[in-house]
Amino acid sequence: MAWNDNRHVITVADPAALAKAAADRIMARIEANPGRAAICLTGGSSPRQLYQLLASDAYRGRIPWDHVHWFIGDERFVPATDPLNNMAMARRIFLDACAPADNIHRIPTDLADPDQSARQYESELKSYYGAGVLNPARPLFDLVLMGVGPDGHTASLFPDYPAIEETERWVVGVPQAHVEPFVPRVTLTLPALGSCREMLFEVAGAEKRAILTRVLEGENLPAGRTYSLGQTLWLVDKAALPENFRGR
Ligand code: 6PG
């Protein structure tokens, strides 16, 4: 279903179907890029099943691991080994077993504060991109994965926090979170996240229905303000789909 010109909602049966649809879209984006592909991952619980799938026989052998670079859209400012760390989750589930270490681009959390981490990650992104200014004709990422929180946040862009208004910096520190876990965060900003060929939101479960209803109705929330210069897809399972979208 088209939401507007380049935003679409795709409904799938359940979380397993959602993970498979997401894995297939990642594969397609990797295959479409003959050079090195850049995939920006997300934290939270939504992508776990997808990450497991990428490590499974069905996908692992098909991914040209040497040619794919993995980034993270936001990080909790906790040690790299802390179970709350977003990249630690992705590494534990699939990256450490599959990807060359040099292709895993984590947000450093061993610096003095989130702002220093943000500056360092921004430098890393700029050096990977090969320029300090984003060119809409040459997106930074092939695909950016996203989730949505109960307050409408995405990555660590929380409602009414300054980070959501950032237009220059690619990465910023967020001293305080709006929802659990209440640890400082580091997040990519709208310009950096949006610099992608495809943005893929994963939304599953009845507990997501209320916030998804608000986002789809166009309320001013970070998740609704975050979209790709290319294509933005919301992969939604049946349980999360708002009443008035059923049967459309
Ligand atoms: C984080 C995430 C965050 C997440 C949403 C959804 O650091 O927590 O990057 O933006 O995607 O909160 O989280 P769930 O998938 O757990 O619902």
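The values are calculated or read from the model by the stated rules, or taken from the named source; none is laboratory data. Being a predicted model, the structure only gives us computed values, none of them experimental. Here the Cβ positions follow ideal geometry from the backbone for every residue, glycine too, while neighbour counts run over all protein chains shown. Remember, those area values only see protein heavy atoms, side chains included, never the ligands or the DNA or RNA. Shrake-Rupley method; radii C 1.70, N 1.55, O 1.52, S 1.80 Å.
General remarks:
- Rounded to 5, percent antiparallel among DSSP beta bridges of the stretch 1-111: 25 percent
- Sparsely packed loop sites in the stretch 185-248 (the GluC sites (Glu not before Pro) outside DSSP H, G, I, E and B with at most 12 other Cβ atoms within 10 Å) comprise 217.
- Where the stretch 136-248 is the region considered: accessible area per residue in Å², 1.4 Å probe: 39 Å²
- Euclidean distance between Cα centres, the stretch 10-58 to the stretch 115-137, Å: 24 Å
- Fraction of antiparallel bridges per DSSP, the stretch 95-202 only, in percent to nearest 5: 55 percent
- Secondary structure note: in the chain, about 30% of the DSSP beta bridges are antiparallel.
- The chain, accessible surface, carbon-and-sulfur percent (1.4 angstrom probe): 50 percent
- Within the chain, helix-based [θ] at 222 nm, where runs of 4 or more DSSP H residues each add -39,500 (n - 2.57), nearest 500: -7500 deg cm²/dmol
- Using only the C-alpha atoms, the convex hull of the chain corresponds to 116 Å³ per residue.
- Cα gyration tensor, the stretch 107-177 - rounded (a/c under 1.5), prolate or oblate: oblate
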